[in-house]
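What follows is a single structure, written as structure tokens, with notes after it.
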Amino acid sequence: MKETIVDKAKSILEGMEIGFFDTAKNWDEDNYDEYYQYFSNPNFEVRKYSLLIFAAGLGNWLMGSSIIFHPNKNQIYKSSKDRIYNVEDYVRTFIDHREAIKQEFPILYNVIINYLIQLNNTAQFSLVEKQLYLVLIEVLTDSGLEEHKYNFNDLLREVGLPTFLKN
């Protein structure tokens with residue numbers, strides 16, 4: 001039976017309520033998909049999980065627990081396990097749909113923006129296509145966020161997932 005996009009995302013995010021977006025996730029090749037393609041999907045669950053995958057990928061990257069994003073779309077794959085999550089595709093699609101994302105998931109939006117700011121501060125986007133990078137910097141600057149502190153339970157509630165920790 002072929003797994004749906006939501007099933008694959010749930011498999012990746014299992015335990016998120018305990019490890020937040022910082023701990024390594026199950027980025028197994030069976031769970032691979034181009035989740036950015038679903039940021040504006042008409043199905044709420046698909047939208048929600050695709051954005052959570054993006055946040056988890058950024059959080060894993062920032063903490064160094066797992067680095068799934070790569071800037072080179074034309075990378076030659078050595079095997080099916082070498083599939084990459086192209087950061088340019090994710091960032092471009094996030095930017096294109098940012099207003100709708102911000103309106104529907106304001107906490108998740110701010111978490112993603114915060115991760116992007118922190119990754120940019122450590123020069124992680126140095127290999128990203130220049131025009132996209134300039135647009136990203138403009139979006140990050142216009143966000144007004146420098147540091148976003150949030151309660152993870154509030155984020156889980158926003159996306160309709162059960163909480164684990166007491167507030």
Fill in: Restraint check, LYS8/LYS48; LYS48/LYS149; LYS8/LYS149, Cα-Cα greater than 24 Å
LYS8/LYS149
Worksheet item: What nm distance separates the two modelled labels at THR122 and ASP7, each placed 7 Å from Cα along Cα→Cβ?
Response: 3.5
Worksheet item: So for SER50, SER11, what's the accessible-area order with a 1.4 Å probe, most first?
Response: SER11, SER50
Worksheet item: How far apart, in nm, are two points set 7 Å out from the Cα along the Cα-to-Cβ line at VAL139 and at PHE44?
Response: 2.4
Worksheet item: Taking R0 as 41 Å, what's the FRET efficiency between ASP30 and LYS130 from their Cβ-Cβ distance, rounded to 0.05?
Response: 0.75
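The values are calculated or read from the model by the stated rules, or taken from the named source; none is laboratory data. Please read these numbers as outputs of a predicted model, since none were measured by experiment. All Cβ positions, even for glycine, are placed from backbone atoms using ideal geometry, and neighbour counts span all protein chains on display. The accessibility values were calculated without ligands, DNA or RNA, using every heavy atom of the protein model including side chains. Shrake-Rupley method; radii C 1.70, N 1.55, O 1.52, S 1.80 Å.
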